[in-house]
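Here, each number is a calculation from the coordinates, and none is a lab measurement. The structure displayed is predicted, hence computed values, not measured ones. Glycine also receives a Cβ, built like all others from the backbone with ideal geometry; neighbour counts cover every protein chain displayed.
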Amino acid sequence: MPAYGIALVNITDPEKYQEYAKLAGPATAKYGGKFVARGVVDSVIEGQGPYSRVAVVEFPTLEAAKTFYNSPEYAEAKAKRKDAADFNMLIVEGS
């Protein structure tokens, strides 16, 4: 059963955030993840949308998503993201 990583992001330092993105993409792919949506929030159709960017990544399993998040490759990316964004990530099991 697939699982989805959902990132809710406000970038505070675009240049530094690019360093994160350069590492996060390959780490995502290494652990079987593929981006199904990512980019600037186009419109909020209900409620308040406190995040300017959203990314949704599909992983083959919940275990693969967790392995990615705890991997050394993604740890390196997360270190580059420090002080570059307000960042929240959720993992949701698919149906």
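Within the stretch 78-92, is there a residue that is free of Cβ contacts under 8 Å to residues at least 12 places away in the same chain and assigned to a helix (DSSP H, G or I)? Break it down into steps so the answer makes sense when it comes.
Looking only at the stretch 78-92, we keep the residues that are free of Cβ contacts under 8 Å to residues at least 12 places away in the same chain, and these are 79, 82.
If we keep only those that are assigned to a helix (DSSP H, G or I) too, we end up with 79.
Among the residues of the stretch 78-92, at least one is free of Cβ contacts under 8 Å to residues at least 12 places away in the same chain and assigned to a helix (DSSP H, G or I), which makes the answer yes.
Can you say whether residue 77 is small (Gly, Ala, Ser) and in contact with a Leu (Cβ under 8 Å, 6 or more places away or on another chain), as far as the supplied structure shows?
yes
Being within 28 Å of residue 60 (Cα to Cα) and either among the β-branched types (Val, Ile, Thr) or in contact with a helix residue (DSSP H, G or I) (Cβ under 6 Å, 6 or more places away or on another chain) (or both) is the filter here, so list the residues in the stretch 34-50 that pass it.
Hits for the stretch 34-50 are 36, 40, 41.
Among the residues of the stretch 5-22, count how many are out of contact with any Lys or Arg (no Cβ under 6 Å at 6 or more places or on another chain) and farther than 19 Å from residue 92 by Cβ.
11
When the stretch 35-49 is examined, which residues are found to be outside any loop (DSSP other than H, G, I, E, B) and among the aliphatic types (A, V, I, L, M)?
36, 37, 40
Return the pairs, sorted by first residue and then second, in which the second residue is hydroxyl-bearing (Ser, Thr, Tyr), the first residue lies in the stretch 1-26 and is loosely packed, with under 14 Cβ neighbours inside 10 Å, the beta carbons are less than 8 Å apart, and the residues are 6+ apart or on different chains.
Taking only residues 6 or more apart or on different chains, the pairs are 1/61; 1/95; 10/51; 10/52.
Does the stretch 50-77 hold any residues that are of a type in the set (A, V, I, L, M) and assigned to a helix (DSSP H, G or I), and which are they?
Result: 62, 64, 65, 75, 77.
Would a scan of the stretch 47-62 turn up a residue that is touching a Phe, Trp or Tyr at 6+ places or on another chain (Cβ under 6 Å) and not hydrophobic (A, V, I, L, M, F, W, C)?
Yes, that holds for at least one residue.
Select from the stretch 35-60 the residues that are in contact with a Ser or Thr (Cβ under 9 Å, 6 or more places away or on another chain) and closer than 24 Å to residue 95 by Cα and write down the one among them that is surrounded by the fewest Cβ atoms within 10 Å (Cβ to Cβ).
Among residues in the stretch 35-60 that are in contact with a Ser or Thr (Cβ under 9 Å, 6 or more places away or on another chain) and closer than 24 Å to residue 95 by Cα, the one surrounded by the fewest Cβ atoms within 10 Å (Cβ to Cβ) is 35.
Can you tell me which residues in the stretch 1-20 are in contact with a helix residue (DSSP H, G or I) (Cβ under 8 Å, 6 or more places away or on another chain) and part of a helix (DSSP H, G or I)?
16, 17, 19, 20
Can you name the number of the only condition in (1) surrounded by 12 or more Cβ atoms within 10 Å (Cβ to Cβ); (2) outside any loop (DSSP other than H, G, I, E, B); (3) under 15 Å from the mean Cα position of the chain (by Cα) that residue 32 fails?
(2)
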